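Below is one structure, written out as structure tokens, with a few remarks after it.
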């Protein structure tokens, strides 16, 4: 059911600021902990030399890392659509967002206590932190069509990503200084890494309080007054709405084709994000300063990349902007296959920063403009399912190719097939098909050429 027009928050700049601040907050975790510090700390300190022996088989740190990322994504893949449907019915997106945030912050903070040999506790806490991060983003993304004025989705989505790059970049810069000058501060390198991860968790939790204060959610008359009902009731409503969503997606042919394209090309994006630091450390043998300096560059360039692609989408359409980004992603993996120095890795980071935020922000806003009104968390739960399903198989495939071929270069180059196939599928998505299908269920919108 659509929100009462009197309850709308669309275009409210205070609400949009509170929403964007959550990207500012949680980007510290994903940049500092999940992408930069923890992969290096896990491979260099936690996992024993020669890898973890499972039975008689040694398993390399990068292989374990790929499996960890896949496990967290699988959990959210199973849970997200029901949670999104429940949140829509009970107008509880903000409540779920903050609950997952709390899980992620607590687990990320505990990672700072894991020392040498604590492989299984580190893996468990990382999976829980990832569930908190990814699960929270299901509901964070679902606010987009409710807070952005009609036609303003690209700008608001890009603004959220830009806030994330600024916030994540600032916190990451302090972590980089902490690790680079750990001797001056009287800290060992592992102690500095643990302190950096703790700082990222506190940044996430602290700035999320701004979101808790400013973000408002339109009330849903359908679920109003049902807060005392049992969890079983809400779960039943959730499963019923998931079935309804799947029926809607089948009727929204343009939307269904976009989701298929997104499923494929996001496979490649997520794999590059999750495995880049491990690739630089294990395959190229780069030091911590070079790796973290490159990631800082990704953050800085990403600020402008997200805003730039928002403008490009306004000029050539969202679909063509995404297709342009996928062409650049193809170049990224080809170039990454051949690099062998810190300088080349640094250049690669700059290219990734330019395209990363733009491809994700415009994909999100393109989807937001196509979904029917009134059920954003339900449809974004489904969007998260597609996103996290791809995040399961990309890192898993990377891990398997690395394990059997003995080279991360082969695993990286194989990712190009996801970008090429995604580009082909996206070329068949038309705004007209989305509008016609959207009209069938009432309220569908589409953007693009």
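Report the relative contact order of segment 31-163, percent, no decimals, based on alpha-carbon pairs under 8 angstrom and at least 6 residues apart.
The value is 27 percent.
In segment 249-286, which residues have a backbone nitrogen under 19 Å from the label point lying 7 Å from residue 180's Cα in the Cα-to-Cβ direction?
Label zone hits: 277, 281, 286.
Label-point separation (nm) for residue 417 and residue 304, each offset 7 Å from Cα along Cα-to-Cβ?
3.7
What distance in nm separates the two pseudo spin-label positions at residue 188 and residue 202, each 7 Å out from Cα along the beta-carbon direction?
Each label point is offset 7 Å from its Cα along the Cβ direction, giving 2.1 nm.
Test of understanding: what is the full-extension gain from residue 407 to residue 311, defined as 0.36 nm times their sequence separation minus their Cα-Cα distance?
Using 0.36 nm per residue and subtracting the Cα-Cα distance, I get 30.7 nm.
Regarding segment 31-73, what is the average projected area of its C-alpha convex hull, in nm²?
3.2
Taking R0 as 25 Å, what's the FRET efficiency between residue 236 and residue 102 from their Cβ-Cβ distance, rounded to 0.05?
Efficiency for this residue pair is about 0.45.
Can you give the extra length, in nm with one decimal, that the chain gains between residue 53 and residue 12 once fully stretched, where that is 0.36 nm per residue apart less the Cα-Cα distance?
Result: 9.3 nm gained on full extension.
If each of residue 427 and residue 170 carries a label point 7 Å out from its Cα toward its Cβ, how far apart are those two points in nm?
It works out to 4.4 nm between the two label points.
Readers should treat all values here as calculations from the given coordinates under stated rules, not as data from a laboratory. Remember, predicted model here, so these are calculated numbers, not experimental data. Backbone-built Cβ (ideal geometry, glycine too); neighbour counts: all protein chains shown.
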